[in-house]
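Input: a single structure, listed below in structure tokens.
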Amino acid sequence: MTLFEKTSLRSSLALWAGLLACAAVNAENQPNSALDFELSDGHRFVQLSRLPAQTTVINFWRADCPPCLREMPALAALARSGKVRVITIALQKPVETLGAPSAIQAALTPPMHVLHGPGEPRGLLARFGNRVGALPHTLVLDDQRRPCTQRTGEITSDWLEQAVTNCTKAETT
């Protein structure tokens, strides 16, 4: 290899290393972007970004989804604890959620926020990390509305407690 070829190779490698380093630094400095929505609670529109800063659990569900219904009591208990804000988003018309059992209807009361999603929820679900559209889907946002963790499928009280604990620990560090 000639001196010219060696110099060209070194320059090319240095250029690529520099570009990769810049990309890595930019990726580290880009936090997860804040999530937002504006949905109806049946009386008014609620915009996530206008609510006070607080760790928030968001749960997407339907009344005809058995795993969705089984996890509602755990979500209601967490909402009543006052540790975090809990928002449930029913991905169906308000009248369709009336098909949920009375015990679930009782759980869907303040302090839990109950909102209704758009007629075509796939875009909203994808924005909140659920690209396949499966339900239930739950995520925990930090106080800046950035995702800490999420799960597609049925959750438990233990999972909720751990997810909230991990998210609030991350906020304080």
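Read-outs throughout are calculated quantities, based only on the coordinates presented, and are distinct from any laboratory measurement. Just so it is clear, the structure is predicted and the values come from calculations on it, not from any experiment. Backbone-built Cβ (ideal geometry, glycine too); neighbour counts: all protein chains shown.
Might you report the magnitude of the Cβ-based charge dipole of the range 48-128 about its Cα centre, with Lys and Arg at +1 and Asp and Glu at -1, to the nearest 20 debye? The partial results should precede the final answer.
Details: 9 positive and 4 negative charges, 54 e Å.
Charge dipole, the range 48-128, about its Cα centre: 260 debye, nearest 20.
Between Ala53 and Arg131, take the C-beta separation as r, use R0 = 30 Å, and let me know the FRET efficiency to the nearest 0.05.
Values: r = 27 Å, r/R0 = 0.91.
Between Ala53 and Arg131 the formula returns 0.65.
Expressed in nm to one decimal, what extension gain is obtained for the pair Asp64 and Ala170 from 0.36 nm per residue of sequence separation less their Cα-Cα distance? Mind dumping the intermediate values first?
Working: separation 106, 0.36 × 106 = 38.16 nm, distance 3.50 nm.
Length gained, Asp64 through Ala170: 34.7 nm.
If you average the sequence gap of Cα pairs under 8 Å that are 6 or more apart and divide by the length of the range 57-122, what percent do you get for the contact order?
Details: 93 pairs, mean separation 25.7, N = 66.
That works out to 39 percent.
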